[in-house]
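Working notes, structure below.
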Amino acid sequence: MAAEPAIIVTDLVKRFGTRTVVDHVSLSVAQGEIVGFLGPNGSGKTTTIRMMCGLLTPDGGEGRVLGHDIRHEGRAIKREVGYMTQKFSFYEDLTIEENLNFVAGIYGLGRREVADTLADLGLTSRKAQLAGALSGGWKQRLALAACIMHRPQLLMLDEPTAGVDPKARREFWDEIHQRAADGLTVLVSTHYMDEAERCHRINYISYGKLITHGTVPEVVRAAGLTTVILQGPRIAQAQRMLHGMPGVDQVAPYGMDLHVIGADGPALRYSAAEVAKATQSRMHDAETSLEDVFIQLMGASTDNMS
């Protein structure tokens, strides 16, 4: 018998006044899975996460997190979930150890658990440092330490690496993957495409609606986009010419290359070939990137809202 998903929610709805922020969102996360939750700012990601954490009550829909009903068992969910917010939310005039002692008190934990967590996250040598003096990467590590100290079964991470340098981001994701291999389930919202590609599956939400989901290759394939690259000495001219041409939905320069993306493959190739000929550019096919897909989805969502 298959294990119950760590998260399963159906038709979640949340309104603030007359505005529907989350509009019938359904998703599931298997135990031990790392699932990305993506979308533009204001798309409803944080509100959805807070409903699943038991911090907000849905206006519609239902769901269970770690077997607990999100409407009626919020306290039980909070005990078993680690929630890491985007904004650093610890006392900056307290040390790392003092902040973790405070969190330990909330969960009824003692100094042993604090010491173990400091060691586990490589914070022991820095435990006397004030939180406010830490770099972004070390603040992130402190936040993660506070999330996992009570040994949760599920982590919900809301933009956890915003403002963190690439090395710290990579170390953070290595840590997350190691813990997932030990059975921890992770739902993480992110704007970084390289982070999305490190997830087992992704969900994309825009204007409160779930637009697409699946593995990265599945999402890219389902988008059905064609991508060609133009290379040559007159790329700027080619870029100006391509805007608005049949089949061309996106035109994006990358160094000396020009990426041309669209949903109508034959029309795009014809337009790109005409421009390549006029500008003496070389043209070849390329794989569509996840970033290209999300920009296309954002544009489609905006069109549907207008």
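No value in this document is a laboratory result; all are computed from the given coordinates. Model, not experiment: these values are computed from the prediction. For neighbour counting, all protein chains shown are included, and Cβ atoms are generated from backbone atoms with ideal geometry for every residue, glycine included.
Every helix of 4 or more DSSP H residues in the chain counts as -39500 (n - 2.57), and over all residues that averages to -11500 deg cm²/dmol at 222 nm.
Would you mind ranking Y91, Y107, Y83 by Cβ crowding within 10 Å, fewest neighbours first?
Values: Y91 12, Y107 15, Y83 21.
Going from sparsest to densest Cβ surroundings: Y91, Y107, Y83.
Eigenvalues of the alpha-carbon gyration tensor of the range 225-287, scaled by 5 and square-rooted, set the equivalent ellipsoid semi-axes at 16, 12, 10 angstrom, largest first. Whole-Hz Karplus values for the range 156-171 come out as 10, 10, 9, 6, x, 10, 4, x, 10, 5, x, 5, 5, 4, 5, 4 Hz, taken residue by residue from phi with 6.51 cos²θ - 1.76 cosθ + 1.60 and θ = phi - 60°; glycine and proline positions read x. Annotation: the residues R126, R71, R282, R64, sorted from fewest to most other C-beta atoms within 10 Å of their own C-beta, follow the order R282, R71, R126, R64.
For the options F16, F172, F37, a Gaussian network treatment of the chain with springs between C-alpha atoms closer than 10 Å singles out F16 as fluctuating the most.
Return a whole-number percent for the relative contact order of the chain, with Cα pairs under 8 Å and 6 or more residues apart as the contact set. Don't jump to the answer; show the numbers that get you there.
Working: 578 pairs, mean separation 55.6, N = 306.
Computed value for the chain: 18 percent relative contact order.
Ranked by how many other Cβ atoms sit within 10 Å of their own Cβ, fewest first, the residues E287, E171 fall in the order E287, E171.
Treating r as the C-beta distance of R71 and Q280 and R0 as 51 Å, the FRET efficiency rounds to 0.20. Length gained on full extension, A263 to E4: 89.5 nm, using 0.36 nm per residue less the C-alpha separation. Per the Debye formula with a single identical scatterer at each Cα and no solvent contribution, what log10 I(q)/I(0) holds for the chain at q = 0.07, 0.09, 0.14 Å⁻¹? After summing over all Cα pairs, the log10 values are -0.35, -0.55, -1.05. Here is the P(r) of the range 129-271: all C-alpha pair distances, binned every 10 Å from 0, give 9, 28, 26, 20, 13, 3, 0 in whole percents. What residues from the range 45-80 fall in the zone where the backbone N is under 13 Å from a label point 7 Å along the Cα-to-C-beta line of I106? Once the point is set 7 Å along Cα→Cβ of I106, 55, 78-80 turn out to lie under 13 Å by backbone N, inside the range 45-80.
Are any of the pairs K167/K209; K127/K167; K209/K277; K87/K209; K45/K127 more than 30 Å apart by Cα-Cα distance, and if so, which? Distance filter (> 30 Å) returns K167/K209; K209/K277; K45/K127. Beta bridges per DSSP, both residues in the chain: antiparallel share near 70 percent.
Subtracting the Cα-Cα distance of R221 and A133 from their residue separation scaled by 0.36 nm leaves 27.2 nm.
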